[in-house]
Each structure stands twice: as structure tokens, then as C-alpha cells.
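The values are calculated or read from the model by the stated rules, or taken from the named source; none is laboratory data. Remember, predicted model here, so these are calculated numbers, not experimental data. Cβ placement follows ideal geometry from the backbone for every residue including glycine, while neighbour counts extend to all protein chains displayed.
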């Protein structure tokens with residue numbers, strides 16, 4: 001390795017180490033558990049063993065990404081999960097960096113900072129969305145380079161994509177718009193683009209579910225979903241808007257060139273800009289696409305300048321290069337040592353640690369709980385203790401079932417009627433569900449635990465009732481995954 005590359009190698013190590021910083025989101029427990037189950041059973045099932053309220057056959061459209069999570073955890077525990085997430089995030093950033101080859105280092109770094117900032121809510125945790133992040137970057141890279149051989153592999157990409165995450169729908173929309181405009185402005189390419197687009201669409205049938213996956217996507221993918229990540233970008237902190245506005249500025253820059261060849265770029269990015277304004281989780285894809293598709297303009301505006309170095313270089317140059325490598329290398333070691341192996345549980349959604357200890361004393365039964373805590377509960381208590389709801393939502397529950405569960409949390413008359421009908425052995429709900437807590441105390445339940453964050457109620461007629469007096473919980477978070 002030449003001395004010129006030492007600082008770059010140090011920077012690569014620093015980025016890779018930073019990518020290992022991973023937080024545990026509400027769904028991580030379920031993703032890893034389902035992946036471990038697939039490894040154990042060597043099959044997929046439509047019957048969920050963890051929930052007693054499932055009323056929709058389980059179509060696990062993320063089975064392949066979960067399988068990889070399960071393998072990483074089986075091999076190296078939380079360290080494996082951190083490294084897997086780091087590899088996916090680093091690969092995506094490497095694709096963006098490669099698209100900017102030929103641009104001045106300052107311009108490349110500025111774009112990478114924007115991409116890092118604009119995608120942090122996707123790259124901060126290990127979720128199936130990260131596989132979409134990588135796949136989407138590969139798609140944009142194939143579209144941005146007219147001589148790229150990646151285009152012929154797009155059907156293969158979509159076949160894999162359809163098995164790891166539902167984001168392939170956005171990718172197929174991008175490919176469709178791009179191909180349609182290319183066929184319009186370049187009639188001689190119509191056949192080639194039609195074949196690529198049609199083959200890519202058909203490739204998404206290459207899943208264990210075939211055409212039923214399309215039916216599932218048509219039923220569940222809608223902007224009206226009552227989930228934080230599916231809400232408007234304007235409902236998020238103002239800092240989240242900055243990358244969006246910068247990327248929109250890039251669209252205006254491309255449109256001002258009035259070049260026919262840039263029509264696909266402007267059309268695709270405009271579609272993503274609108275989509276990300278409506279659904280905030282698309283913003284990461286929009287920022288990534290803008291960086292890759294606008295890369296030729298960045299290169300043309302800020303080209304790299306190659307400076308011939310004098311023959312009599314300073315004798316201190318090797319020392320400076322070595323220091324520029326060692327400083328980020330040491331920093332990356334410190335970061336990785338502190339982040340690898342601990343996926344911290346943070347955020348308003350996080351459950352208490354104490355309820356699992358209390359509930360684990362019981363032999364089994366059914367547990368009504370808040371859906372954000374469902375996968376944490378099924379990891380520690382299932383399948384002996386079956387839960388009422390978890391983050392999969394539409395994957396195994398109908399809209400009616402979700403509404404019933406929300407009504408229980410809110411303590412409405414309909415929700416309390418449903419709770420009486422289910423007559424579960426255990427209830428673990430947020431402390432804010434005061435009406436439901438009061439109803440439970442008046443209808444044959446007793447309090448087993450109460451903290452500032454949640455409470456656990458146990459049916460009084462159980463043969464093994466658990467603690468005879470309520471435990472005063474502290475609301476302590478589980479710490480690191482799995483807790």
C-alpha cells in the first residue's frame with residue numbers, strides 16, 4: 001500500500017467502525033427470533049406460534065433477511081448482529097462513493113456527509129429495511145451508468161430483494177418510470193428496457209409465496225398506515241427536512257440543465273421527493289438516489305484535480321501519512337470496542353425490564369400487551385406465554401384485530417368488552433392505560449407490578465398467581481439486546 005492510500009485506509013476503518021454503532025429497535029427481537037426459528041425448523045409457517053390473536057395467515061415477506069439475522073446471532077451473538085449491520089451500511093456508502101469517482105474529494109465528502117445525515121434513521125438499527133437500502137443503491141447505480149453491466153442483473157436483484165423486504169415495490173416503481181422515459185426519448189432502446197423491466201417484475205414472483213406476495217403488498221402498502229415511519233416528513237423534527245430540501249435543490253439543478261438525457265433522473269427523483277414528503281421512511285432512499293443519480297453533474301461541476309507532486313518530497317511525508325492512518329485507526333478501534341456487542345435499547349417505545357422477570361415466574365397462558373413490546377415479550381416468554389399483538393401488525397393481524405387492540409390500550413367501552421371476551425391470564429400495558437387498569441382491578445385481576453412506565457395485572461383465579469403482593473417496578477430499561 002502506498003503512502004498516499006494510508007489516510008484513506010484510516011478513513012475507511014473509521015467509517016466501518018462508526019457503522020457498527022447499532023441501537024435495538026422494537027422489532028429486532030422478533031426478526032432475530034423468527035430467523036432462529038427458520039434455522040431450526042428449515043421451513044416457513046403460516047401459523048404464528050407466539051400470538052393468540054392471529055387472524056391472518058402469516059406471509060413472512062422478510063424471511064431471508066431474518067434468516068441472515070438469525071445466522072449472525074447464532075454464530076456471534078450481538079457482535080454478529082453489529083457486524084452484519086455495519087457491512088450492509090458500509091456497502092451502501094461504498095456504492096454511493098463509487099458513483100462519485102472522478103469528483104473532487106471535497107465534493108465527494110460533502111455528498112457523503114449529506115447521505116450519512118439523511119439516512120441515519122435507517123442505518124442506526126438493524127432492520128430488513130437495510131437490505132432495501134443496499135438493493136436500492138445498486139439499482140440507482142445500474143441506472144446512472146449507461147455502460148453499466150449491472151442492468152442485465154436487475155432481474156436477479158429483484159428476485160433477491162422480494163425475499164428480504166417489501167421495499168422492492170419502490171424499486172420497481174423507480175425502474176418502471178426510468179424505463180418508460182428512456183423508451184420515450186430513445187426509441188431504439190424500447191425492446192431492451194421492456195425486457196429488463198418485465199423480467200424484473202416477474203422476478204419478484206420468485207418467493208415462497210409467488211403471486212400472493214403481490215396481493216399482500218397491494219393490501220398492506222398504503223400511506224394511511226398509522227405507524228410513525230409512515231407519517232409525513234413534516235411531522236418530524238426540522239433537522240430531518242434539511243437533506244430533503246438539499247436533494248430537491250439537486251432536482252432543480254438537473255432540471256435547469258434542460259437536457260433530454262436528464263429527464264429520467266428528474267422524473268425519478270421528483271417521484272421520490274413526493275413520496276418521501278408523504279412517507280418519511282422513503283427519505284433515506286430519496287437522499288441515496290439523489291447522491292447517485294446526480295453524481296455525473298457533481299463530477300462535471302467539481303472534477304478531481306490531479307496535482308503532480310515535486311520530486312523532492314518532504315522527508316516527513318511518510319510520518320505524516322502514517323499518523324493520518326493511525327489516528328483514525330485507533331479511533332475506529334475504540335469506537336468498535338464500545339459498540340460491538342451492545343445494541344442499546346433506547347427510545348420512548350422501550351419496555352421495562354422488570355415485567356419479564358415477574359411474568360417468567362408463571363407457567364404459561366396468554367398475555368395482552370402493547371404492540372411495541374410484543375416482540376420483546378415473545379423473545380423472553382414465548383411460545384409458552386402467547387401475546388396479543390406485536391410489531392408485525394398487518395402481517396398476521398387484520399385491521400379489525402388491530403382496532404380491537406388499540407381500543408384495549410385506550411380503555412374504550414369496545415376495548416374493555418374485547419378484553420372481557422378474551423379473558424387473558426396476564427395483562428402488561430403502559431401506565432397511561434389508566435382506564436383499562438381500573439377495569440382490571442374491578443373484574444377479577446390483581447396488580448403484580450407497577451412502575452412509572454407500565455403495570456402487570458394477573459388474573460386472580462390462577463393456580464400459580466406469581467407474587468402475592470405488587471412489585472414496585474422502577475421502569476428500568478433492558479439495557480443491551482436481548483436484555
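Restricting attention to the range 229-244, the residues being exposed (fewer than 14 other Cβ atoms within 10 Å of the Cβ) and closer than 14 Å to residue 274 by Cβ number 2. Within the set 332, 339, the sole residue that is at pLDDT below 80, within 21 Å of residue 117 (Cα to Cα) and out of contact with any helix residue (DSSP H, G or I) (no Cβ under 6 Å at 6 or more places or on another chain) turns out to be 339. Considering only the range 347-363, state which residues are touching a residue at least 24 places away in the same chain (Cβ under 8 Å) and either part of a helix (DSSP H, G or I) or over 25 Å from residue 22 (Cβ atoms) (or both). Once the filter is applied, which keeps residues that are touching a residue at least 24 places away in the same chain (Cβ under 8 Å) and either part of a helix (DSSP H, G or I) or over 25 Å from residue 22 (Cβ atoms) (or both), the range 347-363 yields 354, 355, 356, 358, 359, 361, 362, 363. Specify the residue that is surrounded by the fewest Cβ atoms within 10 Å (Cβ to Cβ); the eligible residues are those in the range 262-281 that are more than 16 Å from residue 175 (Cα to Cα) and touching a residue at least 40 places away in the same chain (Cβ under 8 Å). So the residue we want is 278. Checking the stated criteria, residue 126 turns out to be in contact with a strand residue (DSSP E or B) (Cβ under 9 Å, 6 or more places away or on another chain) and either surrounded by fewer than 18 Cβ atoms within 10 Å (Cβ to Cβ) or closer than 29 Å to residue 201 by Cα (or both).
Within the range 414-429, not a single residue is touching a helix residue (DSSP H, G or I) at 6+ places or on another chain (Cβ under 8 Å), assigned to a loop (DSSP other than H, G, I, E, B) and farther than 30 Å from residue 213 by Cα.
Restricting attention to the range 373-390, the residues being out of contact with any helix residue (DSSP H, G or I) (no Cβ under 8 Å at 6 or more places or on another chain), part of a loop (DSSP other than H, G, I, E, B) and either crowded, with 24+ Cβ neighbours inside 10 Å or modelled with pLDDT of 95 or more (or both) number 0. Going residue by residue through the range 283-298, is there one that turns out to be surrounded by 12 or more Cβ atoms within 10 Å (Cβ to Cβ), modelled with pLDDT of 95 or more and either outside any helix (DSSP H, G or I) or in contact with a strand residue (DSSP E or B) (Cβ under 6 Å, 6 or more places away or on another chain) (or both)? Yes: one or more hits.
Looking at the structure I just gave you, is residue 175 crowded, with 21+ Cβ neighbours inside 10 Å, at pLDDT 95 or above and in a helix (DSSP H, G or I)? Here the answer is yes, as residue 175 does meet what is asked.
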